[in-house]
Amino acid sequence: MLGAGGAGGSGGNGGGGGRPRTCSRDGLPGGAAIELTVPTTIDNRGNIWGGGGGGGGGSGCNQNAGGGGGAGYVGGAGGAGASQLSEAEELAFCGQDNGVRSGVPGTPGTTAGGIGGKSGDPWGDGSYDMIGGDGGGYGQPGQPPDACVFASLGGAAGPAIKRNGHTVNVPDGVYDTGGGRIRGPVKP
């Protein structure tokens, strides 16, 4: 396989700030740039970048914020900010009633990871009560939410190459953490 252009996986969707049966939702993993179906030799003269993982959504302290979508050839959707739990469901599944049924969504991923939603800044000084996790850049994991939060996780980085049991002349491992020709893991 001769690559002179680029191959990019799709970005993972950001996690929602509150969804049925959970208080915060994990971001989804990024997609693979290349999935092998046969043994392959790669002569890479372009870029092979896995999709970025979606940011984790956050819910807590009467605030909800969606995670940002991961970077990708098709960027991941930003996580919804809205909580769909009733007061009784929030008490049963979250241990608290967040008192809100809305929130700030995360932004979609593009060629960079999307930004997590930010909610609850009563003093206007940037000290938010809830910050959704940012989506990961190409081949990078999404970030977890921050501030007053019921913990969730960012989505895993999308693989640059998913071997599916086939051989390839690129060893397994994690490649580049920023700007190289291969971004993301090469894995079985």
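The values are calculated or read from the model by the stated rules, or taken from the named source; none is laboratory data. This structure is a prediction, so every number in the text was calculated from the model and none was measured. Using ideal geometry, Cβ is built from the backbone for each residue, glycine included, and neighbour counts are taken over all protein chains shown.
If the requirement is being of a type outside the set (Phe, Trp, Tyr), closer than 19 Å to Leu153 by Cβ and at pLDDT 90 or above, which of these qualifies: Pro39, Pro29, Pro108? Write out each step before concluding.
Numbers: Pro39 fails: closer than 19 Å to Leu153 by Cβ; Pro108 fails: closer than 19 Å to Leu153 by Cβ.
One residue alone meets the criteria, Pro29.
Consider only pairs whose beta carbons are under 7 Å apart and that are at least six residues apart or on different chains; among these, list those whose first residue lies in segment 111-123 and is buried (at least 21 other Cβ atoms within 10 Å of the Cβ) and whose second residue is aromatic (Phe, Trp, Tyr) and at pLDDT 85 or above.
Ser119/Tyr128
Pull up segment 161-188, narrow it to residues that are under 21 Å from Arg45 (Cβ atoms) and among the small types (Gly, Ala, Ser), then point me to the one that is modelled with the lowest pLDDT.
By that ranking, first place goes to Gly178.
For segment 131-153, how many residues meet the condition of being assigned to a strand (DSSP E or B) and either farther than 10 Å from Gln63 by Cβ or more than 17 Å from the chain's Cα centre (by Cα) (or both)?
Residues meeting the conditions: 2.
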